[in-house]
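Participant: Provided herewith is a single structure, encoded as structure tokens, for subsequent inquiry.
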Number of protein chains: 2
Amino acid sequence: MVSLKDIAQKCGVSIATVSKSLNDLNDVSVETKERIKQVAREMGYFPNSSARALKTNRTHNIGVLFVDQSQSGLTHDYFSQVLDSFKRTVELRGYDITFINSTQSNGMTYLEHSRYRGVDGIVIACVDFSDPQVIELVNCDIPVVTIDHVFDYRIAVLSDNIQGMHDLVEYAYAKGHRKIAYITGEDTMVTRNRVGSFIRSLEKHLVVTKDEYIKKSSYRNPDKAYMFTKELLNLKDPPTLIMYPDDYSAVGGYNAIRDEGLKVPDDISILGYDGSYISQIISPKLTTLKQNTEEIGKVSAGKLIHLIENPKTTLIQRLVIDGMLLEGESVADIRMYE
Amino acid sequence: MVSLKDIAQKCGVSIATVSKSLNDLNDVSVETKERIKQVAREMGYFPNSSARALKTNRTHNIGVLFVDQSQSGLTHDYFSQVLDSFKRTVELRGYDITFINSTQSNGMTYLEHSRYRGVDGIVIACVDFSDPQVIELVNCDIPVVTIDHVFDYRIAVLSDNIQGMHDLVEYAYAKGHRKIAYITGEDTMVTRNRVGSFIRSLEKHLVVTKDEYIKKSSYRNPDKAYMFTKELLNLKDPPTLIMYPDDYSAVGGYNAIRDEGLKVPDDISILGYDGSYISQIISPKLTTLKQNTEEIGKVSAGKLIHLIENPKTTLIQRLVIDGMLLEGESVADIRMYE
DNA sequence: TCCATTTACGTAAACGTTTAAGTAAAACGG
DNA sequence: CCGTTTTACTTAAACGTTTACGTAAATGGA
């Protein structure tokens, strides 16, 4: 590998001059600077990121922490979309990403791994935010942005679950639904926001939610959703619409409904969440709330880099990203039956 | 950050002794070694990977190159599964992964980016293998493993597309199908293998494939698949079964078939490829060939690390990973009609 | 007991950068 | 023309490791 020394030798100048030239410092005459840059290009020089990192304490590496309950890893739909957008954004700014994990052979905690790799900043998403290791990470002195979870002293980017749920409830209500069930995800901040919004949105219309209409399930778990759907369908007073924590769970719902000999949306209406690809291709097409994963990734990347490059910034922001209701054919208009 | 120097100071020994202790070299007495390790633990020491990389020329970082035609990035189903398995495997061995890309602000090629980050090895998957930048990377002196593509002097891990296609054809043939159409993906090595196997497998049964039964489409493109499906259905002599390049395309097929007023599998049978999650939840369940992504990721990771840690190894291997036929309900048994 | 080997350290150079500090020559102001 | 500033460089230290080499003391063999 060609180093600064090689270029210096070839140009007959000192290493320092080469370094300053390539970094465009105004301590070198324009002519030599150009000459050096030219030679560097010809020799195929690229800086050694390790050496640079060692000296500057900046790696241009961003740590990504993501550990979801269902262990779906990178195949997690929502996360992989957010991450892809995040990745594209930081790459444009000259950063790479490194996954933070604690399963390393040498048993490092998240924070230790982050320090070992010297990441300049960290984005945290979809994890169990009560995990002591996560807490430790959030409390450290490395810039952090969290996604879909709020800490007092950290910038957070949030999918607007409150508004999203509100939109879904309003949609269902407008179609005449009053008996609305909700199969929820695990008890996370996201879930609490959605459930709260669900209940309040209905109360606004003076609809009281029955306890038996709320089922505590898990995200991305079609099997559980299948089971709870059957429970709901067999209630003495079954709901006319079931909301699912995500589109995959909704598919479990479809299956349960079909297995009970019923049809969507004729016999029962359903609503998904996420607006993932699958929602657009199953039949009947699922009405769902598409989260703006592109924007969430982009904004969190932008904010994190800003934080990294402007360390004095102390403004703690809450960035709420709107979703969008995608209308499919999974909800019947039952106003005529009122 | 606590460094070797801090530990040395505290223990009253030299930096070298500390380094050697922590690296378990047998140049230090057992007692001091233990004492130093203890102190290191107490002080929360972790090595600085940049410094170590600078000195040893080993980053314990593996570059991942992946750029698929449809720009689906990390949301690519097959790849994200392979990558997730790959990632888990290398992490157990103390490696992290870094995505190689050329969209960096400072216009580096893949190889330049790899050198800049000093990756110890590279895995290449799902790219356009005729891209000059990819060729450059494959020709470099960094250990490389390719997935689903063969280069003479590089280890390759391959999903057995020949066997896979053979299994599908055999399955279709056994169910009585003789007029089999195939909507293919882009012209890649994977595609050529599948198409070749498709034709040969049929020829073995003395079935000659009509040209009009083979449609050149793209992977993961339900819209194109939709179009070609309609074309096939409207042939004077339409096929009794259509094979798709992947499960997502097959969903496009479902839609086309439904829109033509036909039913799967009563009026037309279909076969997918990949065995992705979606194939298991659409209705009727898709018969498809599940690629063993877990094993592909694991094996490629293992081989790459072996190559990294045993540089003298010169054995060029072809590792072929079997898939598995997942039977759904998308293929009719039409033997009675013969 | 004497010399050779082993043990258990320490010294110092090196990896490729960045950057503060130093310096000689050129430019400038009056 | 002289002192001051500016320009355009160089020197050298530092970042945190690893590792070849040096060395003094301990051990061993005869």
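Participant: Normalising by the residue count of segment A:151-281, find the relative contact order in percent from Cα pairs under 8 Å and 6+ residues apart.
Facilitator: 24
Participant: Using the 10 angstrom Cβ neighbour count as an exposure proxy, how do A:Tyr173, B:Tyr153 rank, fewest first? Before the final figure, lay out each step's value.
Facilitator: Values: A:Tyr173 17, B:Tyr153 9.
Lowest count first: B:Tyr153, A:Tyr173.
Participant: Then there's this: Based on the mean of other beta carbon atoms within 10 Å per residue, what is the order of B:188-200, B:131-143, most packed first?
Facilitator: Per-residue Cβ counts within 10 Å, averaged per peptide and sorted highest first, yield B:188-200, B:131-143.
Participant: If r is the Cβ-Cβ distance from A:Phe151 to B:Leu206 and R0 is 60 Å, what FRET efficiency results, to the nearest 0.05? Could you put the intermediate results ahead of the total?
Facilitator: Numbers: r = 69 Å, r/R0 = 1.15.
FRET efficiency, A:Phe151 to B:Leu206: 0.30.
Participant: Can you return the lysines within cross-link range of B:Lys33? Criterion is Cα-Cα under 21 Å, with same-chain partners fewer than 8 residues away left out.
Facilitator: The qualifying lysines are B:Lys5, B:Lys10, B:Lys20.
Participant: Using only the alpha carbon atoms of chain B, find the Kirkwood hydrodynamic radius as the inverse mean reciprocal pair distance, in angstroms to one decimal.
Facilitator: After inverting the pairwise mean of 1/r, the radius is 22.8 Å.
Participant: Where does the Debye-calculated log10 I(q)/I(0) of segment A:57-139 sit at q = 0.22, 0.26 Å⁻¹, using only Cα point scatterers of equal weight, no solvent?
Facilitator: -1.13, -1.38
Participant: Over the whole of A:111-117, what's the average partner chain Cβ count within 10 Å per residue? Rounded to a whole number, please. Could the numbers behind the result be given before it?
Facilitator: Numbers: counts 2, 3, 4, 1, 7, 9, 8.
Per residue, the average neighbour count from other chains is 5.
Participant: So how many Å³ per residue does the convex hull of the Cα atoms of the protein assembly as shown work out to?
Facilitator: Dividing the Cα hull volume of the protein assembly as shown by its residue count gives 198 Å³.
Participant: Taking each residue in B:48-58, count the Cβ atoms of any other chain within 10 Å of its Cβ, then average. What number comes out?
Facilitator: 6
Participant: Which value in nm describes the separation of the simple spin-label points at A:Ser283 and A:Lys10, placed 7 Å from the Cα toward the beta carbon?
Facilitator: Going from the A:Ser283 label point to the A:Lys10 one covers 6.3 nm.
Participant: Follow-up. Let me check I have the definition right: for segment B:173-286, take the eigenvalues of the Cα gyration tensor, multiply each by 5, take square roots. What are those semi-axes in whole Å, largest first? Numbers along the way, then the final one.
Facilitator: Values: eigenvalues 76, 56, 38 Å².
The three semi-axes for segment B:173-286 are 20, 17, 14 Å.
Participant: Under the Karplus relation 6.51 cos²θ - 1.76 cosθ + 1.60, θ = phi - 60°, what is the ordered set of whole-Hz ³J(HN,Hα) values for segment A:9-21, x standing for Gly and Pro?
Facilitator: 4, 4, 8, x, 10, 7, 4, 4, 4, 5, 4, 5, 4
Participant: Past 24 Å, Cα to Cα, is the threshold; run A:Lys216/B:Lys290; A:Lys263/B:Lys175; A:Lys175/B:Lys230; B:Lys215/B:Lys290 against it and keep the listed order. Don't skip to the answer; put the middle values down first.
Facilitator: Values: A:Lys216/B:Lys290 32 Å; A:Lys263/B:Lys175 31 Å; A:Lys175/B:Lys230 35 Å; B:Lys215/B:Lys290 22 Å.
Table pairs above 24 Å Cα-Cα are A:Lys216/B:Lys290; A:Lys263/B:Lys175; A:Lys175/B:Lys230.
Participant: Using the number of other C-beta atoms within 10 angstrom as an exposure proxy, rank B:Tyr219, B:Tyr273 with the fewest first.
Facilitator: Starting with the residue having the fewest Cβ neighbours, the order is B:Tyr219, B:Tyr273.
Participant: Now, a different point. Taking a point 7 Å out from Cα toward Cβ as the label site, list the nm distances between A:Leu235 and the same residue in every other copy, smallest first.
Facilitator: Result for A:Leu235, in nm, nearest copy first: 5.2.
Participant: So, by mean Cβ neighbours within 10 angstrom, what's the order for A:230-238, B:322-330, A:80-88 with the highest one leading?
Facilitator: Put in order of decreasing packing, that is A:80-88, B:322-330, A:230-238.
Participant: At 4 °C and a viscosity of 1.567 mPa s, what translational diffusion coefficient does Stokes-Einstein give for segment B:4-47, taking Rh as the Kirkwood radius over Cα pairs? Give it in µm²/s as a whole number.
Facilitator: Rounded to a whole number, D works out at 131 µm²/s.
Participant: Using the 10 angstrom Cβ neighbour count as an exposure proxy, how do A:Phe79, A:Phe151 rank, fewest first?
Facilitator: Neighbour counts put them in this order, fewest first: A:Phe151, A:Phe79.
Participant: Between chain B and chain A, with a rotation axis joining them, whose C-beta in B is nearest that axis, and what is the whole-Å distance?
Facilitator: Reported as residue, whole Å: B:Ser50, 2.
Participant: Still on this model: What average number of partner chain Cβ atoms lie no more than 10 Å from the Cβ of the residues making up B:280-290?
Facilitator: 2
Participant: Identify all lysines with a Cα-Cα distance to A:Lys303 below 21 Å; exclude those on the same chain that are fewer than 8 residues away in sequence.
Facilitator: Counting by Cα, and skipping residues close in sequence, A:Lys303 has these lysines nearby: A:Lys87, A:Lys312.
Participant: Translational D (Stokes-Einstein, µm²/s) of segment A:236-302 at 37 °C and 0.692 mPa s when Rh comes from the Kirkwood sum over C-alpha pairs?
Facilitator: 255
Every number in this text was worked out from the coordinates using simple rules, so none of it is lab data. Just so we're clear, the structure is a prediction, and the values are computed from it rather than from any experiment. Glycine gets a Cβ as well: all are built from the backbone with ideal geometry, and neighbour counts include every protein chain shown.
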